[in-house]
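These notes are about the structure you will find just below.
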Amino acid sequence: MERQAWLRKIPKTDDVLHQIKTIDDMQTFNEDFIKAEVRQVLQELREAILTGEYSEDHPQNLSIQQIIKSVQERCQQISALQLRRVINGTGVVLHTNLGRAPLGNYVKEALWDVAQGYSNLEMNLTTGKRGSRYDHMKEILLRLTGAEDVLVVNNNAGAVLLVLSAIAKGKEVIISRGELVEIGGSFRVPEVMEQSGATLIEVGATNKTYVRDYEKAVTEHTGALLKVHQSNFKIVGFTQEASVEELVSLAHSHDLPLINDLGSGLLIDLEVDGFPAEPTVQQAIEAGSDVVTFSGDKLLGGAQAGIIAGKREWIRLIEKHPLTRALRVDKLTLCALEATLVQYLDPIQAKKHIPALKMMTESVQNLQQRAKDLYDQLQSVNNDDSGIQIDIIPGSSQVGGGSYPTVQMESRLIRFSSSLENIPRLERFLRSQSPAIVGRIQDNALLLDLRTIFQQDYNDICQAFLAWITLQNQE
Ligand SMILES: *Cc1c(COP(=O)(O)O)cnc(C)c1O
């Protein structure tokens, strides 16, 4: 029996352990941890032999060296942090899969200061009495939004659920058919509505809804009118929607609130930078919305959070709802968000310092220059044998995160192409590095968009590319 012979060849746990202990790199690991991994590797070998998966082709798997190598890799992999930095070469500024808005330098010190010790999270340092975690950002948010009161929760999906639960549970909420949005990650307005206990009343048609459509639907059971900003799509052509002012006026004539879910929390006008008109939070408040909800990590460019701003009576009511506690925002988020909001006190500075806004407003000239810098660095490590050709090409980047869906920002990209058909392998290799480098493949070439690549990423990109070249030369 071949299988029996192989089974007998599997080394003993103690023999493997004994040898591993002499390896320098393994000294940092706890002995029980290593032992468990050795057992696991040996067990997997045994199973492979018994199921017949193990074959003569891989006899080295039974060698003690090979087993030690597997154990070493496993120990390193498990102990390495799995959530790690990625260099975003996709050109999508608010890339939801890559963590949406990157935070600026201004957050660094504040965050560590609060994180490494204690903070006044829920203590009023003037009175020495208990305070509220929601108070810290109140002043600055009121100033920036023009609202009477604010509340910050874990994310905007949570904010919408909370607002509907607190205001409209057991009542009807009227919304246009053109605004029954799915945001992604299966957040659908109708489903959130159902969760909140409010009943959805759809009015109008997909492309056209008039204020009179809402008016006809108002009954004694109505709890609120809801406007949802069509953030991630656009209806073009023969369209009509009721303005916030019209809806406010209708809602107030029936003593109802207008809830306005903006999605992206745009705090400064970007029309001067060539972006299409997009309602800012201030405009939504000024137009009379009773409750406005928006994300902290979309166009606002801060940490993941849901911000609820509006009239004091409604915010007070919302704050008292038990869901507020369940959606409670943590101190690290509050800290990062506050440090971001402070930047907005000077809008010019905000565009310079908040990474998302800086990327969105970067000029093509600048991108061209940065592409040239990265290109030069890459060329200095590239060689003729690599088969890789590097060019700078024009292309376009997107805002992402369900914001400005139709906007294409002119950009400059680094293109890696090759006659050797090894581009998919290059792409996989760069993605497996630390930091990982994520680009996109198009027409057999790998593209890295400069708009979402920071200057401090260049070195890591060149190091990774050099590692790839070195690996090719070895093969
Ligand atoms: C993005 C978005 C949400 C969800 O916000 P999160 O911060 O991702 O939870 C809700 N409503 C609209 C209109 C959005 O665009």
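Glu362 meets the stated requirement of being in contact (Cβ under 8 Å) with a residue 12 or more places away in the chain, part of a loop (DSSP other than H, G, I, E, B) and either closer than 22 Å to Arg100 by Cα or among the β-branched types (Val, Ile, Thr) (or both).
Selection of segment 235-260 for residues being among the aliphatic types (A, V, I, L, M) and open to solvent by 40 Å² or more (accessible area, probe 1.4 Å) yields Ile235, Val236. Looking at this structure, is Gln27 open to solvent by 70 Å² or more (accessible area, probe 1.4 Å), of a type outside the set (Phe, Trp, Tyr), free of Cβ contacts under 8 Å to residues at least 40 places away in the same chain and not assigned by TED's automatic domain parsing to the domain that holds Asp460? When the stated conditions are applied, Gln27 passes them. Among the numbered conditions (1) part of a helix (DSSP H, G or I); (2) under 22 Å from Pro102 (Cα atoms), the only one that Leu345 does not meet is (1).
Working only within segment 284-302, note down all residues that are out of contact with any Phe, Trp or Tyr (no Cβ under 9 Å at 6 or more places or on another chain) and more than 10 Å from the ligand (Cβ to nearest atom). Within segment 284-302, Ile285, Glu286, Ala287, Gly288, Ser289, Val292, Gly301, Gly302 meet the criteria.
Reported count of residues in segment 365-424, each being open to solvent by 50 Å² or more (accessible area, probe 1.4 Å), modelled with pLDDT under 95 and aromatic (Phe, Trp, Tyr), is 0.
Where in segment 422-469 are there strands (runs of 3 or more DSSP E), lying fully within it, with 1 or more residues that are free of Cβ contacts under 8 Å to residues at least 40 places away in the same chain and assigned by TED's automatic domain parsing to the domain that holds Gln408?
Details: elements: 436-438, 440-442, 445-449.
It comes to 440-442, 445-449.
Val281 meets each of the listed conditions (1) more than 32 Å from the chain's Cα centre (by Cα); (2) aliphatic (A, V, I, L, M); (3) within 16 Å of the ligand (Cβ to nearest atom) apart from (1). Considering only segment 218-240, how many residues are closer than 26 Å to Gln398 by Cα and within 16 Å of the ligand (Cβ to nearest atom)? The total comes to 9. Restricting Asn97, Asn61 to residues that are part of a helix (DSSP H, G or I) and within 16 Å of the ligand (Cβ to nearest atom) narrows the list to Asn97. Taken over segment 432-444, residues that are touching a strand residue (DSSP E or B) at 6+ places or on another chain (Cβ under 6 Å) and either over 25 Å from Ser363 (Cα atoms) or open to solvent by 10 Å² or more (accessible area, probe 1.4 Å) (or both) amount to 5. Taking first residues from segment 163-184 that are within 13 Å of the ligand (Cβ to nearest atom) and open to solvent by 40 Å² or more (accessible area, probe 1.4 Å) and partners that are modelled with pLDDT under 95 and assigned to a strand (DSSP E or B), the Cβ contacts under 6 Å between residues at least 6 apart in sequence or on separate chains come to Glu182/Arg188. One residue stands out among those in segment 320-347 that are buried (at least 16 other Cβ atoms within 10 Å of the Cβ) and over 25 Å from Tyr106 (Cβ atoms): the one that is farthest from the ligand (Cβ to nearest atom), which is His321. Is it fair to say Glu362 is open to solvent by 40 Å² or more (accessible area, probe 1.4 Å) and of a type in the set (Asp, Glu)? Here the answer is no, as Glu362 does not meet what is asked.
Go over the candidates Glu53, Glu122, Glu73, Glu47 one by one and state the one that is assigned by TED's automatic domain parsing to the domain that holds Glu319, of a type outside the set (Val, Ile, Thr) and surrounded by fewer than 19 Cβ atoms within 10 Å (Cβ to Cβ). If you could, list the steps in order and put the result at the bottom.
On the way: Glu53 fails: assigned by TED's automatic domain parsing to the domain that holds Glu319; Glu73 fails: assigned by TED's automatic domain parsing to the domain that holds Glu319; Glu47 fails: assigned by TED's automatic domain parsing to the domain that holds Glu319.
From the options Glu53, Glu122, Glu73, Glu47, the qualifying one is Glu122.
The values are calculated or read from the model by the stated rules, or taken from the named source; none is laboratory data. Here the structure is a predicted model, which is why all the values come from computation and not from measurement. Cβ: placed from backbone, ideal geometry, glycine included. Neighbour counts: every protein chain shown. These accessible areas exclude ligands, DNA and RNA; they are computed on the full protein's heavy atoms, side chains included. Shrake-Rupley method; radii C 1.70, N 1.55, O 1.52, S 1.80 Å.
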